[in-house]
Amino acid sequence: MKTILVTGGMGFIGSHVCVSLLEQGLHVIIVDNLCNSNTEVLNRIDQITGKKPLFYPVNLLDEDALSAVFKRHNIDAVIHFAALKAVGESSCIPLSYYYNNITCSLVLFNVMEKYKVFNLVFSSSATVYGEHNPIPYVENYPLSATNPYGRTKVMIEEILQDAARADPRWNISLLRYFNPIGAHPSGLMGEDPNGIPNNLMPFITQVAVGKRDALNVFGGDYPTKDGTGVRDYIHVVDLALGHIKALEKLIASPNNNCVRSNSISAYNLGAGKGYSVLEVVKAFEKASGKKINYVISPRREGDLAEFFADVSKASEELGWKVERSLDDMCEDAWNWQSKNPEGYLS
Ligand code: UD1
């Protein structure tokens, strides 16, 4: 049985990926410092899969503690989620973002090298396409970013490109997520942000349960179908299955010092089509039977009018594409939020 180490495995995306890994019969070890998550996630994973992953409450900055995990277990691959991810906050405390996201990653990659673990799936973001590329986004576009959070993703991708160029033992998949929403269909796991949600769907679900009065729709005058921002929403379970496909490809074709060209590859994980904010609101109202009050507000700094993915590379090379619709995303997000109005502390 293969053993997969998941950093940040207690978070929204990480927890759904852990469920998929366990359902594939893989052995899962989570390393997470719980700075934005809750140990209740472990019980929920257990309820869904009948299995509890091994959990180490380790900060990746603690190289000795991380090394101890690698020493104790025979790890076949790493999926690296652990990172800070709030765009607005990253502009207020950029040094914290660079220190956390970059240093944690460097510690991890060095420990991996030391223990000869070269299979890596890295959690990247569509934010690496910056603001000047035409849509749909294609993996070979030049990368840039408009905020410190985004720059950490670009930098880590570049660090990994250099590592793979220098040492062909590295076998890396860079997964660029578009807008993951939804929740596990059981209603046992979902998105549980601290404080006021930054992202659209958790804000909508909190309006639906009465925790917030109204959604601020950031901008009603974009050059889009209805004037509101358009994004490529992807169900978190489809996203999790994309990780399984990426991992299968890495593990099936380890680089034995000879396959230079394939040792690092980027994939867009999205649905390949865009929905506007108002379309998401409407779909959510249909799924939940709740009216979502909203106010058209000024644009949010740094937002783009519209972007979505070209998903042909993931389809051709990984044999993966999304299977869940926007209606499924809204139904599952509502199922989670209505059963857990206070998130994991409900
Ligand atoms: C954001 C980040 C992105 C990050 C991703 C995942 C920004 C500029 N981008 O993507 O880098 O990888 O989250 O964490 O923050 N909206 C509202 N009202 C709200 C919230 C959002 O109208 O209260 C709109 C936005 O203007 C946008 C759409 O909903 O058009 C989606 O926003 P959001 O869920 O925050 O995702 P992104 O901004 O696309």
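The values are calculated or read from the model by the stated rules, or taken from the named source; none is laboratory data. None of these values were measured; they are calculated from a predicted model. Neighbour counts run over all protein chains shown; Cβ positions are idealised from the backbone, glycine included. Only protein heavy atoms, including side chains, enter the accessible area calculation; ligands, DNA and RNA are left aside. Shrake-Rupley method; radii C 1.70, N 1.55, O 1.52, S 1.80 Å.
Remarks
- Residues in the range 274-290 that are open to solvent by 50 Å² or more (accessible area, probe 1.4 Å), touching a residue at least 40 places away in the same chain (Cβ under 8 Å) and either near the ligand (Cβ under 8 Å from one of its atoms) or of a type in the set (D, E, K, R) (or both): Glu279, Lys286, Lys290.
- Selection within the range 235-255: residues that are outside any helix (DSSP H, G or I) and out of contact with any Lys or Arg (no Cβ under 8 Å at 6 or more places or on another chain). The member of this set that is modelled with the lowest pLDDT is Pro254.
- Flag for Asp332 being modelled with pLDDT of 95 or more and in contact with a Pro (Cβ under 6 Å, 6 or more places away or on another chain): yes
- Long-range neighbours under 6 Å by Cβ, at least six apart or interchain, first residue farther than 17 Å from Ile79 by Cα within the range 150-170, second open to solvent by 80 Å² or more (accessible area, probe 1.4 Å): Pro168/Asn257; Pro168/Arg260
- Meets criteria (free of Cβ contacts under 8 Å to residues at least 60 places away in the same chain, touching a helix residue (DSSP H, G or I) at 6+ places or on another chain (Cβ under 9 Å) and among the β-branched types (Val, Ile, Thr)) for Val31: yes
- Any hit, the range 52-63, residues being among the hydroxyl-bearing types (Ser, Thr, Tyr), open to solvent by 20 Å² or more (accessible area, probe 1.4 Å) and under 14 Å from Gly8 (Cα atoms): yes
- Residue match in the range 72-83 (condition: of a type in the set (S, T, N, Q) and over 17 Å from His27 (Cα atoms)): no
- Within the range 301-316, the residues that satisfy the criterion of being more than 20 Å from the chain's Cα centre (by Cα) and either among the aliphatic types (A, V, I, L, M) or assigned to a helix (DSSP H, G or I) (or both) are Ala305, Glu316.
- Considering the range 173-201, and only residues there that are within 8 Å of the ligand (Cβ to nearest atom) and farther than 20 Å from His80 by Cα, the residue that is nearest to the chain's Cα centre (by Cα) turns out to be Asn199.
- The requirement of being in contact with a Gly (Cβ under 9 Å, 6 or more places away or on another chain) and surrounded by fewer than 17 Cβ atoms within 10 Å (Cβ to Cβ) is satisfied by Asp303.
- The set of residues in the range 108-154 being among the β-branched types (Val, Ile, Thr) and either within 11 Å of the ligand (Cβ to nearest atom) or open to solvent by less than 20 Å² (accessible area, probe 1.4 Å) (or both) consists of Val111, Val117, Val121, Thr127, Val128, Thr146, Thr152, Val154.
- Candidate set: the range 213-223, residues that are near the ligand (Cβ under 9 Å from one of its atoms) and buried (at least 17 other Cβ atoms within 10 Å of the Cβ); chosen: the one farthest from Pro136 (Cα to Cα): Leu215
- Filtered residue count, the range 184-202, keeping only those that are open to solvent by less than 50 Å² (accessible area, probe 1.4 Å), in a loop (DSSP other than H, G, I, E, B) and closer than 15 Å to Val280 by Cβ: 2
- For the range 291-300, a residue qualifies if it is open to solvent by 60 Å² or more (accessible area, probe 1.4 Å), in a loop (DSSP other than H, G, I, E, B) and more than 8 Å from the ligand (Cβ to nearest atom), and the qualifying residues are Lys291, Asn293, Pro298.
- Residue within the range 324-335 that is open to solvent by 60 Å² or more (accessible area, probe 1.4 Å), in contact with a helix residue (DSSP H, G or I) (Cβ under 7 Å, 6 or more places away or on another chain) and under 30 Å from Ala252 (Cβ atoms) present: yes
- Here Lys71 meets each of (1) in contact with a His (Cβ under 6 Å, 6 or more places away or on another chain); (2) surrounded by fewer than 15 Cβ atoms within 10 Å (Cβ to Cβ) with one exception, condition (1).
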